[in-house]
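Reading through the structure tokens given below for one structure.
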Amino acid sequence: MSEKIQAPRGTFDVLPADEAGRSRLLQAGAVLFERAGYGRIETPIFEDTALFARGVGEATDIVSKEMFTFEDRGGRSVTLRPEGTASICRAYVEHGMHKLAQPVKLWYIGPYFRYEAPQAGRYRQFTQIGAEAMGSDSPLVDAEIIGILGDLLAELGVPAVSLRLGSLGSPEARTDYREELKAYLRANESDLSKEVALRIEANPLRAFDAADPGTREVMQNAPTLLERLDGEDAEHFAEVHQLLDAAGVEYEIDPTLVRGLDYYTRTIFEFHCEELGAQSQLGGGGRYDRLVAELGGPETPGVGFAAGVERILLSLGGEPPVPARDAFVAAADDGQRHRASALVAELRNAGLSAETDLAGRSLKGQLKHADRIGARVAIILDADGSAQVRDMSTGEQQPIDPAEVAGKIAPDPEP
Ligand code: HAM
């Protein structure tokens with residue numbers, strides 16, 4: 001026998017039984033986004049590598065360690081997208097969306113790729129659902145974006161959700177702070193992990209994210225950017241709080257919050273599920289007021305979020321519901337199988353979900369199968385051309401005119 005080929009490490013198949021939860025999430029998202037005036041956008045799954053190098057930042061883990069990058073047959077370096085914001089900013093510029101009424105509000109769902117060490121809730125191919133609003137620097141948009149992700153998690157019933165909020169200020173304000181932080185890290189270098197110590201110059205803020213106890217202890221007394229926030233940055237952050245307070249959104253201000261992407265300015269946030277363990281971050285986002293310009297477009301502020309679909313589904317746990325069928329058409333003997341097939345087609349054309357036996361089962365076996373697939377009724381076609389309808393929950397059976405079956409069975413009100 002030939003050797004079996006398995007799905008690549010860190011990937012998974014989505015089987016029909018997993019689909020119910022995923023489509024419920026997609027539908028809940030679509031309703032919330034459309035209500036708030038966000039239009040759906042789809043961008044390519046691979047892009048020019050330079051887009052992410054420039055947009056997300058060379059010094060980030062994502063760009064330096066986690067990208068699936070390869071040369072295509074034309075010798076161009078392309079990368080499977082590790083996140084969506086850079087691509088959407090590229091599309092905003094490419095399609096001249098700055099000429100539309102601002103802000104331009106977009107949402108998306110699709111696969112993303114990061115070469116990370118796989119574990120529960122962390123994959124090499126995963127799905128993000130997200131939104132980006134470009135063209136306004138008003139704190140109203142920050143609050144709207146945070147509110148939509150909060151509403152989506154609440155609508156789906158995600159338990160133990162917490163929201164962490166921070167601000168990175170403007171890049172100019174951050175430059176002074178970075179110098180202060182670098183000096184602090186250098187002074188404590190011997191207690192830092194090797195990885196953090198090596199990146200003091202390139203990415204000092206990431207030290208707040210480190211997991212090793214030595215670095216964590218050093219970071220407890222590190223100066224924070226929030227303490228240094230002033231002028232318009234501080235006002236902007238204060239207004240975001242006021243708006244969230246007024247909307248009744250609960251949050252915790254986290255001065256150590258840093259995100260793994262370089263494009264952020266001002267507001268940053270993360271939603272966590274405390275029941276999820278190590279990979280507790282359900283979704284995150286923030287403002288990126290310089291990104292569109294960095295990608296060659298006009299100065300355009302933006303704010304958005306992305307959430308991990310698989311992590312949301314993990315947080316919901318439980319067995320997905322078995323989708324019910326309106327009817328199963330059973331043949332009392334083999335001579336009725338063609339009639340059964342024709343009736344199934346008629347029922348489906350009438351908008352009902354219907355199946356018949358395709359595995360040569362006995363009548364008893366067919367009724368057992370009807371039960372297994374959650375059919376509400378079984379139509380039994382008898383050898384003499386008559387038919388009976390059986391209520392699958394009570395077992396009650398009565399004659400029915402075969403010509404009237406489609407009209408007599410109502411579709412399930414909650415398919
Ligand atoms: P991110 O925090 O890198 O942000 O990813 C967003 C979400 O994607 C995470 O909270 C997590 O739920 C999920 N996720 C990330 N990596 C993995 C993985 N390896 N396996 C499973 N799930 C994962 C962004 O990507 C930004 N583009 C968000 C954003 C939009 N900021 C502004 N606009």
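The values are calculated or read from the model by the stated rules, or taken from the named source; none is laboratory data. Just so it is clear, the structure is predicted and the values come from calculations on it, not from any experiment. Every residue, glycine as well, gets a Cβ built from its backbone with ideal geometry; the counts of neighbours run over all protein chains shown. The accessibility values were calculated without ligands, DNA or RNA, using every heavy atom of the protein model including side chains. Shrake-Rupley method; radii C 1.70, N 1.55, O 1.52, S 1.80 Å.
Side notes on the structure shown:
- Of all residues in region 137-192, those satisfying the criterion of being under 21 Å from Pro255 (Cα atoms) and polar (S, T, N, Q) are Ser162, Ser167, Ser170, Thr175, Asn188.
- Hey, Ile380 of a type in the set (Val, Ile, Thr), in contact (Cβ under 8 Å) with a residue 40 or more places away in the chain and more than 16 Å from the ligand (Cβ to nearest atom) or not: yes
- Those helices (runs of 4 or more DSSP H) of region 197-303 in which 3 or more residues are more than 21 Å from Ile129 (Cβ to Cβ), open to solvent by 10 Å² or more (accessible area, probe 1.4 Å) and free of Cβ contacts under 8 Å to residues at least 12 places away in the same chain occupy 213-220, 231-246.
- Count - residues of region 130-175 that are within 12 Å of the ligand (Cβ to nearest atom) and basic (Lys, Arg): 1
- Region 324-415 holds helices (runs of 4 or more DSSP H) entirely within its bounds, and those carrying 3 or more residues that are modelled with pLDDT of 95 or more map to 337-349, 363-372.
- Of all residues in region 391-400, those satisfying the criterion of being open to solvent by less than 70 Å² (accessible area, probe 1.4 Å) and farther than 16 Å from Val344 by Cα are Asp391, Met392, Gly395.
- Flag if Pro171 is open to solvent by 20 Å² or more (accessible area, probe 1.4 Å) and over 30 Å from Val218 (Cβ atoms): no
- In region 47-65, the residues that are surrounded by fewer than 17 Cβ atoms within 10 Å (Cβ to Cβ) and not polar (S, T, N, Q): Asp48, Ala50, Glu58, Ala59, Lys65
- Output for region 57-88, where each listed residue is touching a residue at least 40 places away in the same chain (Cβ under 8 Å), closer than 22 Å to Tyr108 by Cβ and not charged (D, E, K, R): Gly57, Thr60, Ile62, Met67, Phe68, Gly84, Thr85, Ala86, Ser87, Ile88
- Residue satisfying all of: in region 121-161; among the hydroxyl-bearing types (Ser, Thr, Tyr) and over 20 Å from Leu32 (Cα atoms); surrounded by the most Cβ atoms within 10 Å (Cβ to Cβ) among these: Tyr123
- Scanning region 321-332 for residues that are within 36 Å of the chain's Cα centre (by Cα) and buried (at least 19 other Cβ atoms within 10 Å of the Cβ) yields Arg325, Asp326, Ala327, Phe328.
- Sole residue being under 31 Å from the mean Cα position of the chain (by Cα), of a type in the set (Gly, Ala, Ser), more than 16 Å from the ligand (Cβ to nearest atom) and surrounded by fewer than 20 Cβ atoms within 10 Å (Cβ to Cβ), chosen from Gly365, Gly335, Gly318: Gly318
- Residues that are small (Gly, Ala, Ser) and either within 27 Å of Asp233 (Cβ to Cβ) or out of contact with any Asp or Glu (no Cβ under 8 Å at 6 or more places or on another chain) (or both) within region 160-196 comprise Ser162, Gly166, Ser167, Gly169, Ser170, Ala173, Ala183, Ala187, Ser190, listed in sequence order.
For every residue, the table says whether it meets (1) out of contact with any Cys (no Cβ under 7 Å at 6 or more places or on another chain); (2) part of a strand (DSSP E or B); (3) under 30 Å from Phe12 (Cα atoms).
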position: Phe70; (1), (2), (3): yes, yes, yes
position: Thr79; (1), (2), (3): yes, yes, yes
position: Gln102; (1), (2), (3): yes, no, no
position: Glu116; (1), (2), (3): yes, no, yes
position: Val141; (1), (2), (3): yes, no, no
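- Scanning region 401-413 for residues being in contact with a Lys or Arg (Cβ under 9 Å, 6 or more places away or on another chain) and within 15 Å of Val344 (Cβ to Cβ) gives a total of 2.
- Filtered by the rule that a residue be within 20 Å of Phe126 (Cβ to Cβ) and away from the ligand (no atom under 16 Å from the Cβ), region 70-114 gives Phe70, Val78.
- Test for Arg40: is it at negative phi and surrounded by fewer than 16 Cβ atoms within 10 Å (Cβ to Cβ): yes
- The sole residue among Ser167, Ser162, Ser138 that is among the hydroxyl-bearing types (Ser, Thr, Tyr), touching a residue at least 60 places away in the same chain (Cβ under 8 Å) and within 24 Å of Leu106 (Cα to Cα) is Ser167.
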